[in-house]
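Peer 1: Please see the structure below; I have some questions.
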Amino acid sequence: MAHIIALVNQKGGVGKTTSTVNIATYLAAAGKFVLLVDLDPQGNASSGLGINPREQRKTLYDAIIGGYSPAEHIVQTKQKGLSLLPATPDLAGANIDLVHMKNREYRLRDVLTQVRTQFDYILIDSPPSLGLLTINGLVASDKIIIPVQAEYYALEGLSQLLETIELVRINLSPQLTIMGALITMYDRRNRLARQVVREMRAHFPGYVFENVIPRSVRLAEAPGFGKSIMAFDAFSKGARAYKAVAKEVMRLAEG
């Protein structure tokens, strides 16, 4: 059975999609069979892996709303062992479509249950909101990674997110746990960034990843070429950081 992990933060621009794509890539490079689920209507995870979602005849929307088998929608990426369940802007309509559907919070979980035995890891790239799509991502998951930018403003919504996660755990998904917060866009030369990391580790002991993701131009450039950082520049500091994070994810997930 796959470990299902959602990367969640209702604040945009914190490196959530970048983290999902690159952790998934390095898990696959480590010999794991990985499915990346693009739950964000913007489809950035799909395009970041070189897949044009508009060229896909069926996408995640069809599986969640139409009830089609997800196996029909999964596409292979250029990275061996890494598959993708792509998203298109149509997925934005799912927030409205889901409102009146039966068991609306469990639609994604039901979709992934059909393919869970085919993968070692399923990573979910959630949209930057706390709407029904994100709730579906939380309910479908075993564990959560919260990408957090190393700035004070990025911490403002963290308490609200943690409250939402706790409500989902109590009312909808008792197995849900937090794997940890992943510090992104970290500049060690910045005193404020160092202070934010210290406070994060002090306030959430045991729930902050040991490895941090540095601020990196190469990480920002890679999605424009439809590549992970491993395919774009495997020797960059961003690549080394995500490789280390993927190892940490495996250790935390597999014990």
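Peer 1: Conditions first: (1) hydroxyl-bearing (Ser, Thr, Tyr); (2) surrounded by fewer than 17 Cβ atoms within 10 Å (Cβ to Cβ); (3) under 18 Å from LEU85 (Cα atoms). TYR121 passes all but one, so which condition is the exception?
Peer 2: For TYR121, the exception is condition (2).
Peer 1: Among the residues of the stretch 158-177, write down those that are within 24 Å of GLU248 (Cβ to Cβ) and surrounded by fewer than 17 Cβ atoms within 10 Å (Cβ to Cβ).
Peer 2: LEU162, GLU166, GLN175, THR177
Peer 1: Of the residues ALA202, ALA140, only one is modelled with pLDDT under 90 and either among the polar types (S, T, N, Q) or more than 17 Å from ASN22 (Cα to Cα) (or both); which?
Peer 2: Of the residues listed, the single one that is modelled with pLDDT under 90 and either among the polar types (S, T, N, Q) or more than 17 Å from ASN22 (Cα to Cα) (or both) is ALA202.
Peer 1: If you don't mind, another one. Could you list all residues from the stretch 3-13 that are surrounded by fewer than 24 Cβ atoms within 10 Å (Cβ to Cβ) and over 10 Å from SER141 (Cα atoms)?
Peer 2: GLN10, LYS11, GLY12, GLY13
Peer 1: Checking TYR61 against (1) closer than 30 Å to GLU248 by Cβ; (2) of a type outside the set (Gly, Ala, Ser); (3) modelled with pLDDT under 95, which single condition isn't satisfied?
Peer 2: Of (1) closer than 30 Å to GLU248 by Cβ; (2) of a type outside the set (Gly, Ala, Ser); (3) modelled with pLDDT under 95, only one is false for TYR61: (1).
Peer 1: Moving on. Please go through the stretch 61-90 and give me each residue that is among the hydrophobic types (A, V, I, L, M, F, W, C) and touching a residue at least 40 places away in the same chain (Cβ under 8 Å), ordered by number.
Peer 2: ALA63, ILE64, ILE65, ALA71, ILE74, LEU82, LEU84, LEU85, ALA87
Peer 1: From the residues in the stretch 71-95 that are over 19 Å from TYR26 (Cα atoms) and of a type in the set (D, E, K, R), which one is surrounded by the fewest Cβ atoms within 10 Å (Cβ to Cβ)?
Peer 2: Per the stated criteria, the residue is GLU72.
Peer 1: Looking only at the stretch 90-121, count every residue that is of a type outside the set (D, E, K, R), more than 18 Å from TYR68 (Cβ to Cβ) and under 18 Å from the mean Cα position of the chain (by Cα) and tell me the total.
Peer 2: Total satisfying the criteria: 3.
Peer 1: Next up: Kindly list the number of the only condition in (1) surrounded by fewer than 19 Cβ atoms within 10 Å (Cβ to Cβ); (2) at pLDDT 90 or above; (3) under 20 Å from the mean Cα position of the chain (by Cα) that fails for ALA241.
Peer 2: (1)
Peer 1: Here's a check for you: in the stretch 56-70, which residue that is within 24 Å of PRO128 (Cα to Cα) and out of contact with any Pro (no Cβ under 8 Å at 6 or more places or on another chain) is surrounded by the most Cβ atoms within 10 Å (Cβ to Cβ)?
Peer 2: Per the criteria, the residue is ILE64.
Peer 1: Six or more apart or on different chains, Cβ under 7 Å: which pairs go from a residue in the stretch 1-20 that's modelled with pLDDT under 90 to one that's of a type in the set (Ser, Thr, Tyr)? Could you list them?
Peer 2: MET1/THR117; GLN10/SER129; VAL14/THR184
Peer 1: Here's another thing I want to ask about it. Could you please find all residues in the stretch 140-152 being surrounded by 20 or more Cβ atoms within 10 Å (Cβ to Cβ) and in a helix (DSSP H, G or I)?
Peer 2: Within the stretch 140-152, ALA140 is the sole residue that qualifies.
The values are calculated or read from the model by the stated rules, or taken from the named source; none is laboratory data. Here the structure is a predicted model, which is why all the values come from computation and not from measurement. Cβ sites come from the backbone with ideal geometry, for glycine too, and all protein chains shown count toward neighbours.
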